Amino acid sequence: MVAHLTPNDIIQARARRLLLLRGLAGLSRDQIFSRYGIAKATLQNWESGRAGGLTKKGADRVLKAYQREHILCTHDWLLQGVGASPVLMDESRDPAAHRSHAVFSGLAEDIAYLRSLYDHVVDLPIADQSMMPDYPQSGHVVGISHYKEQILSSVGKDCIVHAVGHPPIFRRLLSSGDAQRFHLVPLNLSGDYPIITDVEVLSVAPVLWVRADAFTYHSG
């Protein structure tokens, strides 16, 4: 007989996975609040499955925070429990030390390691200041490609985008109102960076982690 998960089962499973993530980071709720502004009571509710538990919007917030703690984790794993388990990218880092930065051994080695864990890993150098201030020029972004109906789940996220008639580009993905077409928008609106509108998108890869110039991560 196949067991069917109740809504509460799903909420509690998400809560357990979220606790595992914080354990991997080696951070207290106080530290999460001081570094990333996620209220202790909110995080406690998410980690205990109270008040409806972790939402998709909440998952976006915590994954962004844990990315800055050098933890690679997908939305699919956190929300649904599918795919590869989270990985602490710098295995030499002592979580209890809470160092402010970690230097990676080499970009090619890191990407090769990711590709050994996940399918459809893509990477792209940041060639200009179009995604400043969040992403520095001369940095590098890495993500896992989504296709077809999965693209819609990436609306509002910063992605490596493969669109018809364009080379791969790093932009925020916005809806055009058509399920097959999207707008690609730079974060830096003060420069002369094109906004690509109403374009057919073949795949998107929401950013999992960023390598800044000199291949150094800086956490808050």
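The values are calculated or read from the model by the stated rules, or taken from the named source; none is laboratory data. For clarity, every value in this text was computed on a predicted model and none was experimentally measured. Quick reminder, even Gly has a Cβ in these numbers, built from the backbone with ideal geometry, and neighbours come from all protein chains shown.
Go through Leu173, Leu152 for me and flag whichever is surrounded by fewer than 18 Cβ atoms within 10 Å (Cβ to Cβ), modelled with pLDDT of 90 or more and within 26 Å of Lys57 (Cα to Cα).
Leu152
Restricting the search to segment 1-27, which residues are of a type outside the set (A, V, I, L, M), within 20 Å of Met89 (Cα to Cα) and either free of Cβ contacts under 8 Å to residues at least 12 places away in the same chain or surrounded by 17 or more Cβ atoms within 10 Å (Cβ to Cβ) (or both)?
Arg17, Arg22, Gly23
Report, by residue number, each residue of segment 127-149 that is among the aliphatic types (A, V, I, L, M) and touching a Pro at 6+ places or on another chain (Cβ under 7 Å).
Within segment 127-149, Met131 is the sole residue that qualifies.
Could you check how many residues of segment 132-190 are among the hydrophobic types (A, V, I, L, M, F, W, C), over 16 Å from the mean Cα position of the chain (by Cα) and assigned to a loop (DSSP other than H, G, I, E, B)?
Qualifying residue count, segment 132-190: 5.
Do you know which residues across segment 54-67 are more than 10 Å from the chain's Cα centre (by Cα) and surrounded by fewer than 20 Cβ atoms within 10 Å (Cβ to Cβ)?
Thr55, Lys56, Lys57
Could you list, in sequence order, the residues of segment 70-91 that are more than 12 Å from the chain's Cα centre (by Cα) and either among the charged types (D, E, K, R) or assigned to a loop (DSSP other than H, G, I, E, B) (or both)?
Those that are more than 12 Å from the chain's Cα centre (by Cα) and either among the charged types (D, E, K, R) or assigned to a loop (DSSP other than H, G, I, E, B) (or both): Gly81, Val82, Gly83, Ala84, Ser85, Met89, Asp90, Glu91.
Among the numbered conditions (1) of a type in the set (A, V, I, L, M, F, W, C); (2) outside any loop (DSSP other than H, G, I, E, B); (3) touching a helix residue (DSSP H, G or I) at 6+ places or on another chain (Cβ under 6 Å); (4) exposed (fewer than 15 other Cβ atoms within 10 Å of the Cβ), tell me where Ala51 comes up short.
(2)
Which of the residues that make up segment 180-202 are surrounded by 12 or more Cβ atoms within 10 Å (Cβ to Cβ), of a type in the set (Ser, Thr, Tyr) and modelled with pLDDT under 95?
Tyr193
Within segment 28-65, can you find the residues that are farther than 20 Å from Gln80 by Cβ and touching a residue at least 40 places away in the same chain (Cβ under 8 Å)?
Scanning segment 28-65 gives Gln31, Arg35, Tyr36.
Please go through segment 1-48 and pick out each residue that is hydroxyl-bearing (Ser, Thr, Tyr) and not in a helix (DSSP H, G or I).
Correct list: Thr6, Ser28.
State which residue is modelled with the lowest pLDDT when the search covers only segment 104-120 and only residues that are within 17 Å of the chain's Cα centre (by Cα) and either under 15 Å from Phe170 (Cβ atoms) or assigned to a loop (DSSP other than H, G, I, E, B) (or both).
Among those residues, the one meeting the criterion is Tyr118.
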